[in-house]
Each structure stands twice: as C-alpha cells, then as structure tokens.
Amino acid sequence: MAIDVAKIEIKSVSDASGLEELITSGRMAADDIVAAIGKTEGNGGVNDFTRILSDQAYRAVLLKHGTRSEAEIKEIPMVWSGGCDGVITPHATVFARNGEAGTGGQSRLAMGTAMSDIILPEDIGRPAMVETVAAGVRAAMQNAGISDVKDVHYVQTKTPLLTIDGIQEAHGRGQSVACEVHDSMGVSNGTTGLGIALALGEAEMPAAEDICRNLDLYSSVASCSSGVELDRAQIVLFGNRDGAGGRYRIGHSVMRDALDMDGIYESIRSAGLDLPERARPGDLGGKLVNCFIKCEADPGAKLRNRRQIMLDDSDVHHHRHSKGAVGGVAAAAIGDPAVFVSVDAMHQGPPGGGPSIAIVDMGD
C-alpha cells in the first residue's frame, strides 16, 4: 500500500493535538499509522523525559481513535530525538499506509521494518553487532519490497546501549565490554552505522580496530539512535519502489560539514525536485515534507580551516553546539525551523558532516 506522510508541530511538551487533527480530519486513519519520527524539546540526554512524554501522548491518540490493541500500538516504531537547540521547532513526521494499492510504474516511497536478533552487552562496539544490524537491514529491505540497495535512502534505527546491569551481566558470563556506560550511546550508534553501510554495500566488513576509529568508513543513509529500553536493533527503512503508489519520493546526499547547505539541496534534488544551481527556500514550492539530518562536531576541531571550540567547551556539550548550528543552516535552507537534526553521527556521513535525507511531495 502507498505511504502517506505529514509533518506536524508539537505545541507543548506532551502535545499530540496535531496527530489528533490529522485523524479527525480524515487525512489519516489511526489504524493506518505505521511510524513517527520526531524532535522533542528536552536536553537530548539520558534523562530527557520529553521523549517519553511525546511517545505516550502519540500512542494514546492512536489507542483512542483506532481499533488496535495497546500491545499492537506499542509495537509501532516511534523514534524521538531529544533536543531542539537553536531554532529547531519540536515536531513529528508521521507515516501511514493509506489503503491505496500501488499502481503504475512510477517510483514512489516505500517503507519496511525489522527487529534484529538480540544484541548482547559484549557485542556493542564489536563486529558481532555490525553483522547483526546488517542482517536486520536486509530483512527491512525485504519487508519494504526493495531489492536494489541503490533504492534505499534512509535507515532509521534504535539500538541498545550499555547499563551497569548489562555490564555486570556480561562480566558474569566471563565477557568484557568495549566501552564505558557514558560512551556507549555514541559507540552503539557508530557500530550500527557500520552495520547499515555493510548491508547496503557502502563499506566492507570492518576490522574490530576500525569500529569507532576509522571514520572514513560510513553510511550516507544512516540515522542511528540508542536507548536502554530494548535489547535488539529496531530498524525503519525507507526507499523508492516502482509501483509503490502515492505522492511521495525520498532521496539523500551528505553534508560534508556543518555549513554545507548545498548538501541539503542535493538531497532534495535526489528525491525528485528540480532545483536551480543556487537554490533558495522559495524554489521548493511547498513540495518538501521534511529533511532528516545527522551531524557531529568535527573531530579535528576545524570548520573550513577555521578553529572551532565546541569540543573544548565545558559549559555546553558539543552535541548542543553542533545541533544548534546545523539546525540553523538547515532551517535557512528550507525556510522552516521544523527540521529533524540529530547528533552522535559517528560512521553516519563523513567526519564533521552527516547524511541529509529529504522526502518530497511529487503531487500526483
């Protein structure tokens, strides 16, 4: 079935009125909604409870207006990225299967999901996790009906990270772990990025010593998140498929650094919009649904050969610096501050940059 997509603003910390309006207006049926990807206004850290509040609010609306059970709604993938630094507006992009069968040969947006095998604490940051994630990505491709890796443009994941309990469990089995608790979010994200790159032919199977070290290895379509609430990789994959039906297409490129506005426009061109060489927000014609961008402070502390201090700042974490900066660049590029920008981009795009993914409305 064809995929419908809508971006809605989150007006307060636990607001889901935009989702409710989508449903009550008849635009989307509650039972057809299959995923949500959003930005919430907390600190983006481990104790950012705004992600939980949005998750609860959105699932409550689906339970209220649909026929699916609470258990079924709990299984719907919802990825909440905390932290709206700078000008970023809290918002969610909602995906639904609209009940219309795909017709014709046009290449349009398709979506697939998968859950990987269990990822043990001792696997995080090691080749075993790369292989497990890669197998899950291949399963999500099959679920989406996509056979060519070139048609995959966005892989959004959520994977486990380390906890004290998990480390003690591993030690009890005589196993070691690859890093400390506080480093495990970035390490889990980076290892997942390599798993995506392996599955899509963007990189060969990395050696153990390359994981989270050789930053020349990366995926240009990966957007990875991690949390304590699961023990395997949750994978949501988007691409284009002939005959998928619907109005929407997806494309991608990479931002080479935090100022690479051209990389954002190139992802929009990749999705199918014809833009002039020196594009501006007005050239988008209201056709862009949203951009999804990963970013990271350049490990060399340079930006276009100028010194950067974000890695030395003891008052504001470099994640917040980079997210705010790239959010401003992206908002200026598309003329809308409701843009998805997420950090911890190791092995997700080049060092200091990151993937830019765009979904556009082709209007047919």
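Placing a label point 7 Å from the Cα of Met115 along the Cα-to-Cβ line, the residues of segment 49-87 whose backbone N sits under 13 Å from it are 71-78. If you plug the beta carbon distance of Met261 and Ser17 into 1/(1 + (r/R0)^6) with R0 = 25 Å, you get a FRET efficiency near 0.15. Ordering Gln168, Gly328, Val221 by Cα displacement along the dipole of the chain toward the positive end leaves Gly328 in first place; charges were set at the Cβ atoms of Lys, Arg (+1) and Asp, Glu (-1). For segment 130-278, treating each Cα as an identical point scatterer without solvent, what Debye log10 I(q)/I(0) comes out at q = 0.14, 0.16, 0.17 1/Å? The computed values of log10 I(q)/I(0) come out as -0.75, -0.93, -1.02. Averaged over residues, the count of other Cβ atoms within 10 Å places the peptides 259-270, 165-176 in the sequence 259-270, 165-176, highest first. Hydrophobic, long helices, defined as DSSP H runs whose alpha-carbon span along the helix axis is 18 Å or greater and whose mean Kyte-Doolittle value is at least -0.5, occur in the chain at 50-65, 127-144, 184-199, 318-334. The calculated Kirkwood hydrodynamic radius for the chain is 20.5 Å, given to one decimal from all distinct C-alpha pairs. Which of the three applies to segment 102-203, rounded, prolate or oblate, going by the alpha-carbon gyration tensor with a ≥ b ≥ c and a/c under 1.5 meaning rounded? Taking the square roots of the gyration eigenvalues as a ≥ b ≥ c, segment 102-203 is prolate. In terms of accessible area, using a 1.4 Å probe and ignoring ligands and nucleic acids, Leu22, Leu215 rank largest first as Leu215, Leu22. Entry comment: accessible area of the chain is 42 Å² per residue, from protein heavy atoms only and a probe of 1.4 Å. By a 1.4 Å probe calculation restricted to protein chains, Leu53 has an accessible surface near 60 Å², given to the nearest 10.
Between Met205 and Arg27, the distance separating the two model label sites (each 7 Å from Cα on the Cα→Cβ line) works out to 4.6 nm. Label positions at Asp315 and Glu180, each projected 7 Å from the Cα along the C-beta direction, are separated by 2.5 nm. For the chain, a crude dipole built from +1 on the beta carbon of Lys and Arg and -1 on the beta carbon of Asp and Glu, taken about the Cα centre, is about 660 debye to the nearest 20.
Counted residue by residue at 0.36 nm each, then reduced by the alpha carbon distance between them, the extension gain from Arg306 to Asn43 reaches 91.9 nm. For the chain, the fraction of 1.4 Å probe accessible surface lying on carbon and sulfur atoms is 48 percent. Using a ≥ b ≥ c from the Cα gyration tensor of segment 261-364 (square roots of the eigenvalues), is it rounded, prolate or oblate, where a/c under 1.5 gives rounded and otherwise the larger of a/b and b/c decides, a/b for prolate? Cα axes put segment 261-364 in the prolate bin.
Cross-linked pairs Lys150/Lys302; Lys11/Lys323; Lys150/Lys323; Lys39/Lys74; Lys64/Lys294; Lys74/Lys158: Cα-Cα separations exceed 24 Å for Lys150/Lys302; Lys150/Lys323; Lys64/Lys294. When the charge dipole of the chain is built from unit charges on Cβ atoms (+1 for Lys and Arg, -1 for Asp and Glu) and taken about the Cα centre, the candidate among Gly145, Val236, Val339 whose Cα reaches farthest toward its positive end is Val339. Rolling a 1.4 Å probe over the protein heavy atoms leaves Arg27 with an accessible area of roughly 110 Å². The residue among Gly251, Ile124, Ile293 whose Cα reaches farthest toward the positive pole of the charge dipole of the chain, with charges on the beta-carbon of Lys, Arg, Asp and Glu, is Gly251. Looking at the chain only, what percent of DSSP beta bridges run antiparallel? Nearest 5 please. The answer is about 75 percent antiparallel.
Sorting the segments 6-16, 82-92 by their mean number of nearby beta carbons within 10 angstrom, highest to lowest, gives 82-92, 6-16.
The values are calculated or read from the model by the stated rules, or taken from the named source; none is laboratory data. Predicted model, so just to flag it, every value in this text is computed and none were measured. As a convention, Cβ positions derive from the backbone with ideal geometry for all residues, glycine included, and neighbour counts pool all protein chains shown. These area figures cover heavy atoms from the full protein model, side chains too; ligands, DNA and RNA do not enter into them. Shrake-Rupley method; radii C 1.70, N 1.55, O 1.52, S 1.80 Å.
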